[in-house]
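Below is one structure, written out as structure tokens; the observations come after it.
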Amino acid sequence: MNRIVHIALKVENLDETTRFYEDVFGFKEQATKKTRDHVSRHLTDGDIDFTLIRYDDGTQSAESKAAGEKPCIHHFAIEVDDLAAYTQKVKGYGCEIISDPGVIPVKFRAPGGTVAELVPIGRYERTK
């Protein structure tokens, strides 16, 4: 069965937001990395990869604008066993692919307007 393995928040202040989730809820930082036009800080509760994203000032990429201009839940990820097959399935529903061709994860706009992404099995591992 496919499962949700990742949730990402678009935030204004990466360090302040990190401290909040660590201090209040006990989340643990796993990694921080620069990817294309943003910094991603991966936290975990032991089951789900909970990522805080801070986009570069002035960026105009489709991914940065996909969920709006302000802080928000940016996207969630669904783990699948065949990225190509599931990409075709979501396209078959008329979903717009947001990520650039060949980029993994495959971000798309789901029916209803939310942003989700397809990830290969094992991209986000449980730490419990």
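Quick rundown of the values:
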item	result
Residues of region 26-68 that turn out to be open to solvent by less than 20 Å² (accessible area, probe 1.4 Å), more than 19 Å from Val103 (Cβ to Cβ) and outside any strand (DSSP E or B), as a count	1
Residue list for region 99-119, restricted to those being open to solvent by 50 Å² or more (accessible area, probe 1.4 Å) and either under 14 Å from Ala62 (Cα atoms) or not hydrophobic (A, V, I, L, M, F, W, C) (or both)	Asp100, Pro101, Gly102, Arg109, Pro111, Gly112, Thr114
In region 73-84, the residues that are over 17 Å from Tyr124 (Cβ atoms) and in a helix (DSSP H, G or I)	Ala84
Extreme residue, most open to solvent (accessible area, probe 1.4 Å), among residues of region 1-25 that are of a type in the set (A, V, I, L, M) and closer than 30 Å to Tyr86 by Cα	Met1
Boolean, Lys107 is under 16 Å from the mean Cα position of the chain (by Cα) and under 22 Å from Glu12 (Cα atoms)	yes
Scan of region 69-84 for residues that are surrounded by 12 or more Cβ atoms within 10 Å (Cβ to Cβ) and not β-branched (Val, Ile, Thr), ordered by number	Pro71, Cys72, His74, His75, Phe76, Ala77, Glu79, Asp82, Leu83
Residue tally, condition out of contact with any helix residue (DSSP H, G or I) (no Cβ under 9 Å at 6 or more places or on another chain), in contact (Cβ under 8 Å) with a residue 24 or more places away in the chain and among the small types (Gly, Ala, Ser), over region 71-112	1
Region 85-98 - residue that is more than 30 Å from Lys28 (Cα to Cα) and assigned to a loop (DSSP other than H, G, I, E, B) and, of those, least open to solvent (accessible area, probe 1.4 Å)	Cys95
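The values are calculated or read from the model by the stated rules, or taken from the named source; none is laboratory data. Here the structure is a predicted model, which means the values were calculated and not measured. All Cβ positions, glycine included, derive from the backbone under ideal geometry; neighbour counts span all protein chains shown. These area figures cover heavy atoms from the full protein model, side chains too; ligands, DNA and RNA do not enter into them. Shrake-Rupley method; radii C 1.70, N 1.55, O 1.52, S 1.80 Å.
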